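Chemist: I'd like to ask some things about the structure below.
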Amino acid sequence: MVRTMIGVDSTGAGCIKIMKNNADDPRTTPDSQRSKFLYNSKFALQASVADIEICNVITSSGSVVYRYFPAGSNASNYTSMEGSGGGDSTWLYKNAHFANLKYDVPLFDWKAKSNTTQRYNQAIVQRRFSGQYYHDQGGYYFTGNQRQGAWLQGYNGNISQWGSFAFGTYADITTSTLNDQFNRFLSRDKRLIVWNLPGNSEAPKDAPPLAPNGQKAIRIASNAMLIARPGYNVDTADYWQIAYDSRRLPVKVIAAADIALPGGITDYDTGVALPDTVAADVHFYTGSTIMYPNNPVDLDFGAEYWFEGSRIRFSGGGNGMRARFMIYLEDNSAPSGGSNKVLRQFNDGTRDVVQFLRPGSADPPSWADIIIDTRWPAVQILAEGYFAVAAGNNVQTTINFDANGMFPMVKYITEHGSGSRSNLGSWQKSFKMPYVKRLVYSYQGRPDAGDSTYCALTNTSATFHTFRGNVGDYYNDAGDPGTWKTTGVGDPPLGIRYYIFGIPA
């Protein structure tokens, strides 16, 4: 049985702790030795997901149709809406659409599938081509995150049907299957993962841990499973004072690995039948340093991935490429009905398992019932913060942390100023998923575009590379061959909000 403590540790704090190794005593092991804990309710910041949204509906293939949700709403009071026609659709989601979302601007991901292969492909690289380039002398290489919707602040639609909102996001989907080298990132099927973590400069809202003060921290009964943060009374604690319960499910990692991709199809079996509510973060890289969103290299880097049964499968790779990934389980659907115990112990055929469940779950429980499962460690946040992006070519900002004994991954969001799109509207600020963008022809010896960013990750530091002030394109003008021109970057990154996730290695 995995060594589990429900009670008071050696510091006098009421808590739940679950160890990776049964040789470690949960009562006396210092909390600073993070790699020894699968779960620890005393950690200062707990990662949770507000929602996973599936976006794959196009209502009209002919004339434009607008649909508003919930039913009966309109352009002024919807929480989500669709404008579709001609085989394309744009979806808008206000913050109010995500019932559990606690931040105006959250950490988020759009995960997009190729229409041709039905595989997630946005971590690979495409080249930008244009008729304005003489003999294709120009353009840039970019990763597919550049084509995904941003989180918007102060949005106003350019037509009345879009309305306006203070905070929200959007997605473009299409029925086109023209996923060639010019249109690699066209997608009909996307997943939006919204984290209950800030994606801008706002500080996390989690209540700070207090010194042990005799407060009742744990309540486990047939109708309740609540664990308060250190020093708070579990019977009166609000959302931010709770570490784990049915309101605040910790993000569980079904599988994590760092594997070679020799080329062709590469499989990794998680041992668990994967539902549609899983999401993967993947870092594709070469060499000894982990890179995200990927190495700053040219075309044909990266790989597609998809889920099949209990496996995550990769297509592509080669030339020393590796994939580092975490697969998260999250299910915000209603719990099942039944009378199973809140605390459940069993053997899954290979190991003994302890589960903490939502009250009233079935036996066996559904994915949505599981609060804690000792097979799947909770995501720990090893470092987090925000910094302003300074102007300059290849400005490097290094964040130091200790991931000794941990398996780290990096996630970050770039903050931008005002912007607009002709068929969507305008906004005061936007927050984007990071992408690499490299010029085909370097300008003044600078190959990186001004909106490109990437991070080099080790077990002790994350170094962010930014290029604010560099050009956005450099090309030989087809209208005036021999004349080389540049284009700027409309909204270069102004700041970066970052997180270093980790689980015990």
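The values are calculated or read from the model by the stated rules, or taken from the named source; none is laboratory data. Here the structure is a predicted model, which means the values were calculated and not measured. Note: ideal-geometry Cβ built from the backbone for every residue, glycine included; neighbour counts use all protein chains shown. Each accessible area value is taken on the protein alone, full model and side chains, heavy atoms only, with ligands, DNA and RNA left out. Shrake-Rupley method; radii C 1.70, N 1.55, O 1.52, S 1.80 Å.
Chemist: When the dipole is taken about the Cα centre of the chain, and only Lys, Arg (+1) and Asp, Glu (-1) are charged at their Cβ, what size is it in debye, to the nearest 20? Mind dumping the intermediate values first?
Modeler: Details: 46 positive and 44 negative charges, 120 e Å.
Roughly 580 debye for the chain.
Chemist: I want to verify the translational diffusion coefficient of the stretch 324-446 in µm²/s; compute it with Stokes-Einstein, Rh as the Kirkwood radius over Cα pairs, at 4 °C and 1.567 mPa s.
Modeler: 65 µm²/s
Chemist: Which one of V379, S84, G287 is farthest out on the positive end of the charge dipole of the chain, using unit charges on Cβ (Lys, Arg +1; Asp, Glu -1) and the Cα centre as origin?
Modeler: Of the listed residues, the answer is V379.
Chemist: Given labels modelled 7 Å from the Cα in the Cβ direction, how far is it in nm from D238 to E202?
Modeler: Taking the simple label geometry, D238 and E202 are separated by 1.4 nm.
Chemist: For the chain, report the % of Cα-Cα distances exceeding 45 Å.
Modeler: Details: 18032 of 127260 pairs.
It works out to 14 percent of all Cα pairs.
Chemist: Hey, another quick one. Considering amide H positions built from the backbone, and no H for Pro or chain starts, which residues 5 or more places from L107, or on another chain, come under 5 Å of its amide H?
Modeler: W195, L197, G199
Chemist: In a shell of Cβ-Cβ distance under 9 Å around D448, excluding D448 itself, what net charge do Lys and Arg (+1) and Asp and Glu (-1) give?
Modeler: Net local charge, D448 excluded: +3.
Chemist: Report, in whole Å, the centroid distance computed from the Cα atoms of the stretch 341-375 and the stretch 481-496.
Modeler: 53 Å
Chemist: Over the stretch 1-157, what percent of the accessible surface lies on carbon and sulfur atoms, probe 1.4 Å?
Modeler: Values: 2680 of 5930 Å².
Here it works out to 45 percent.
Chemist: Let me ask you something else. With every protein chain kept in place and ligands, DNA and RNA left out, what is the accessible area per residue of the stretch 378-505? Probe 1.4 Å, answer in Å².
Modeler: Roughly 36 Å² per residue, with all protein chains present.
Chemist: Output the pairs from K42/K252; K205/K341; K17/K111; K20/K432; K205/K411 with a Cα-Cα distance over 27 Å in this structure; if there are none, say none.
Modeler: As for pairs spanning more than 27 Å Cα to Cα, those are K205/K341; K17/K111; K20/K432.
Chemist: Rounded to two decimals, what is the ratio between the C-alpha radius of gyration of the stretch 108-161 and 2.2 N^0.38 Å?
Modeler: 1.55
Chemist: What does the accessible area of K20 come to, in Å² to the nearest 10, when a probe of 1.4 Å is used?
Modeler: For K20, solvent-accessible area is about 110 Å².
Chemist: Using a probe radius of 1.4 Å on heavy atoms only, what accessible surface per residue do you get for the stretch 45-105? Whole Å² is fine.
Modeler: 40 Å²
Chemist: Any idea of R344's accessible area? Nearest 10 Å², probe 1.4 Å.
Modeler: 40 Å²
Chemist: Now for a separate question. Rank R127, R248 by accessible area, highest first, at a 1.4 Å probe radius?
Modeler: Numbers: R127 35, R248 5 Å².
Sorted by accessible area, descending: R127, R248.
Chemist: Heavy atoms of the protein only, probe of 1.4 Å, neighbouring chains included. What is the accessible area of S32 in Å², nearest 10?
Modeler: The accessible area of S32 comes to roughly 100 Å².
Chemist: Taking a probe of 1.4 Å, how large is the accessible area per residue of the stretch 123-237, in Å²?
Modeler: Ligands and nucleic acids excluded, the figure is 40 Å² per residue.
Chemist: Can you grab the distance from the C-alpha centre of the stretch 185-235 to the C-alpha centre of the stretch 1-44, Å, no decimals?
Modeler: One Cα centre to the other: 18 Å.
Chemist: Name the residues of the stretch 120-146 whose amide N is less than 17 Å from a point 7 angstrom out from the Cα of T483 along the C-beta direction?
Modeler: Under 17 Å, as judged by backbone N against the label point of T483, lie 131-135, 137-138 of the stretch 120-146.
Chemist: Another question about this same structure. Report ³J(HN,Hα) in whole Hz for each residue of the stretch 321-327, in order, from the Karplus equation J = 6.51 cos²θ - 1.76 cosθ + 1.60 where θ = phi - 60°; Gly and Pro get x.
Modeler: 6, 10, 10, 10, 8, 10, 10
Chemist: Only Cα pairs under 8 Å and at least 6 apart count here; give the relative contact order of the chain as a rounded whole percent.
Modeler: 17 percent
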